[in-house]
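A.B. asks: Before I ask anything, here is the structure I am working with.
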Amino acid sequence: MNWNDWEFIWKRQAPPVGAAADVAELAATFEAKRRRMERVLLVRDLSEAGAGVLVCVVLGIFWRKTGLEGWLMALAIAFTLGVVVVFCLERVRANRGRLGPEAPIAARIARQLDELRHMRRLHYNIIPWYLAPLGASWALVVIAALRAGARHAPSGHLMDLMRNPATAAFIIGYFVIVVPLTFWGAWYLNRRTVLKRIDPRIEELEKLQRELAPPP
């Protein structure tokens, strides 16, 4: 699964300006941007949940082939399903709080601000609910595969692989460079999205909310 796939849709529009945005333009484009964001979140939740289920099916097939000695796959599936549940709950929460275009604009702005602040928390806390369980699932799969390989492969097979420079470079590069960079990249992109996309949009809507508020 890739938590940042859905951002491709969002990033095709111009980035938010922030507090310097024109109020009239904010009001004119608010509903269109609100609907676009709802579609983006729908794509995110469905694609992530679907990908998680597919991963669990693949892990289940691997577990079935390895038998009881692959019991670690059950834990890997559990961790992955935990992430799937998060996205399913996100979809339920979004549907429960959805407002139609007939709702007062003040209510729609307040709802959109709540959604953006919630997204901000998800992005900033991506490690405990997304990266950590998926990292644990990946580690368990690797351990289960190594255990199964150690039992069925010829004695000294791993050492023979490591004696081959190309194979050794691939294995070391994967574990030392590719995997750490993948997890770090997901963390970095989420922080960058908060700074470049979410925070400026929150500033825009807070400004619009202040301008539309009745005088005291």
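The values are calculated or read from the model by the stated rules, or taken from the named source; none is laboratory data. Worth saying up front: this structure is predicted, and the values here are computed from it rather than measured. Note: ideal-geometry Cβ built from the backbone for every residue, glycine included; neighbour counts use all protein chains shown.
A.B. asks: For segment 166-216, how many residues are of a type in the set (Gly, Ala, Ser) and more than 25 Å from the chain's Cα centre (by Cα)?
C.D. replies: Initial filter on segment 166-216 (of a type in the set (Gly, Ala, Ser)): 166, 168-169, 173, 185-186, 213.
Filter once more, so that each one left must be more than 25 Å from the chain's Cα centre (by Cα): 166, 168-169, 213.
Of the residues in that region, 4 qualify.
A.B. asks: Conditions first: (1) crowded, with 16+ Cβ neighbours inside 10 Å; (2) under 30 Å from ARG147 (Cβ atoms); (3) among the basic types (Lys, Arg). LYS65 passes all but one, so which condition is the exception?
C.D. replies: It fails just one condition, (1).
A.B. asks: Go through segment 29-39 and count every residue that is among the aliphatic types (A, V, I, L, M) and either crowded, with 17+ Cβ neighbours inside 10 Å or at pLDDT below 90 (or both).
C.D. replies: 1
A.B. asks: Hey, another quick one. Pairs only if they're at least six apart or on different chains, beta carbon under 8 angstrom, first in segment 75-100 and within 10 Å of ASP45 (Cβ to Cβ) and part of a helix (DSSP H, G or I), second modelled with pLDDT of 95 or more and hydroxyl-bearing (Ser, Thr, Tyr); list them, first residue then second.
C.D. replies: VAL86/TYR130
A.B. asks: Please verify whether segment 174-182 includes one or more residues that are at pLDDT 90 or above, under 24 Å from VAL57 (Cα atoms) and surrounded by 12 or more Cβ atoms within 10 Å (Cβ to Cβ).
C.D. replies: Yes, segment 174-182 has at least one match.
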